[in-house]
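The values are calculated or read from the model by the stated rules, or taken from the named source; none is laboratory data. Keep in mind the model is a prediction, meaning the values are calculated, not measured. Cβ sites come from the backbone with ideal geometry, for glycine too, and all protein chains shown count toward neighbours.
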Ligand SMILES: Nc1ncnc2c1ncn2[C@@H]1O[C@H](COP(=O)(O)OP(=O)(O)OP(=O)(O)O)[C@@H](O)[C@H]1O
Ligand SMILES: [Mg+2]
């Protein structure tokens, strides 16, 4: 393990794309786990997706409160409790690093979208609930749902920066453009300090050592868009069976054996960049 890093400030990064199945949760869990395991960081994952995939894969320890409770306004005041997220922070399961925590979500988080209470501004519920609750964390990763609804707006309103995940496929690229529009809107109306930190191309397809034509074409298309030019990260992450299998087995990459060594090194590098970016 590398020497522990010391960070004075908490870095808050969100992963977004309104298209589903592009790697948002994979990044949140494996980047978070790598930052804790390989770099000694204290990491919190805020799950803003009612699908609850991160909570399931990280085998969250049982507890009373979840993201839905933290974001639901008090009936009398119509306001969310400032710092209330602290009560919903839980440990991850025994296979995962001790320094990796999660605010879990489940299907009840859907009700937050519909709650029309007028106290706390709807877009700022996560920000208010998180006030003071993130102290002591080096890295806070927010896993967005595949939509640009209220939960995603909340995630971006309370983030320092955001990365888009994108598969080299037409609909995913379209989703990346839509996500970028949402980022612009949040910068304009809710969080002028939000930084767009780039796009990760995930599940790039190869035919042996040669990139598949479709993957190459879609990456070129992404890079040609003025808002993405110079913002598409390298390396492009190829489709890697060990990533799928380790996630399915709820297992950290470094625990998964030789098969996952390449993927573990990859996420170690991405985590290092997330901590230093
Ligand atoms: N590079 C990769 N190689 C192989 N499988 C991958 C890779 N990245 C992600 N996967 C797998 O693809 C599936 C979708 O990934 P993931 O759940 O992270 O996407 P998502 O964007 O969070 O989806 P959703 O929008 O539904 O929340 C998962 O089964 C995951 O294990
Ligand atoms: Mg997900």
Item checked: Selected residue (only one of 117, 147 is within 13 Å of ligand 1 (Cβ to nearest atom), within 30 Å of residue 78 (Cβ to Cβ) and modelled with pLDDT under 95) -> 147
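Please find, among 34, 14, the residue that is within 14 Å of the chain's Cα centre (by Cα), crowded, with 24+ Cβ neighbours inside 10 Å and more than 16 Å from ligand 2 (Cβ to nearest atom). Write out each step before concluding.
Values: 14 fails: more than 16 Å from ligand 2 (Cβ to nearest atom).
Exactly one of 34, 14 is within 14 Å of the chain's Cα centre (by Cα), crowded, with 24+ Cβ neighbours inside 10 Å and more than 16 Å from ligand 2 (Cβ to nearest atom), namely 34.
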Checklist line | Members of region 90-147 that are over 13 Å from residue 36 (Cβ atoms) and free of Cβ contacts under 8 Å to residues at least 40 places away in the same chain | finding: 90, 94, 113, 114, 116, 121, 122, 127
Item checked: Unmet criterion (only one of (1) under 16 Å from residue 252 (Cβ atoms); (2) in contact with a helix residue (DSSP H, G or I) (Cβ under 8 Å, 6 or more places away or on another chain)) for residue 104 -> (1)
Item checked: Looking only at region 115-146, and only at residues there that are in a strand (DSSP E or B) and touching a helix residue (DSSP H, G or I) at 6+ places or on another chain (Cβ under 7 Å), the one that is farthest from ligand 2 (Cβ to nearest atom) -> 139
Checklist line | Answer from 195, 188, 218 - the residue that is modelled with pLDDT of 95 or more and touching a helix residue (DSSP H, G or I) at 6+ places or on another chain (Cβ under 8 Å) | finding: 218
Note to self: Out of the helices (runs of 4 or more DSSP H) lying entirely within region 13-105, which hold 1 or more residues that are over 18 Å from residue 142 (Cβ atoms)?
What the structure shows: 24-39
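I want to confirm something. Restricting to region 191-209 and keeping residues that are closer than 13 Å to residue 168 by Cβ and under 20 Å from the mean Cα position of the chain (by Cα), which single residue is surrounded by the most Cβ atoms within 10 Å (Cβ to Cβ)?
Filtering region 191-209 for residues that are closer than 13 Å to residue 168 by Cβ and under 20 Å from the mean Cα position of the chain (by Cα), the one surrounded by the most Cβ atoms within 10 Å (Cβ to Cβ) comes out as 201.
Condition check ((1) farther than 29 Å from residue 228 by Cβ; (2) modelled with pLDDT under 95; (3) in contact with a strand residue (DSSP E or B) (Cβ under 9 Å, 6 or more places away or on another chain); (4) more than 10 Å from ligand 1 (Cβ to nearest atom)) across all residues:
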| residue | (1), (2), (3), (4) |
| --- | --- |
| 19 | no, no, yes, no |
| 28 | no, no, yes, no |
| 44 | no, no, yes, yes |
| 49 | no, no, yes, no |
| 63 | yes, yes, yes, yes |
| 74 | yes, yes, no, yes |
| 79 | yes, yes, no, yes |
Next item on the list: For region 268-277, enumerate the residues that are touching a strand residue (DSSP E or B) at 6+ places or on another chain (Cβ under 9 Å) and assigned to a helix (DSSP H, G or I).
Entry: 270, 271, 274, 275
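Do we find a residue being closer than 23 Å to residue 9 by Cβ, touching a helix residue (DSSP H, G or I) at 6+ places or on another chain (Cβ under 8 Å) and surrounded by 19 or more Cβ atoms within 10 Å (Cβ to Cβ) anywhere in region 49-65?
Scanning region 49-65 turns up no residue that is closer than 23 Å to residue 9 by Cβ, touching a helix residue (DSSP H, G or I) at 6+ places or on another chain (Cβ under 8 Å) and surrounded by 19 or more Cβ atoms within 10 Å (Cβ to Cβ).
Of the residues that sit in region 227-264 and are more than 19 Å from residue 95 (Cβ to Cβ) and assigned to a helix (DSSP H, G or I), which one is farthest from ligand 1 (Cβ to nearest atom)? Walk me through it before giving the result.
Our first condition is that a residue be more than 19 Å from residue 95 (Cβ to Cβ); within region 227-264, this holds for 227-241, 262.
After this cut, where a residue has to be assigned to a helix (DSSP H, G or I) as well, the list is 241, 262.
Details: 241: 6, 262: 11 Å.
Applying the filter and picking the extreme gives 262.
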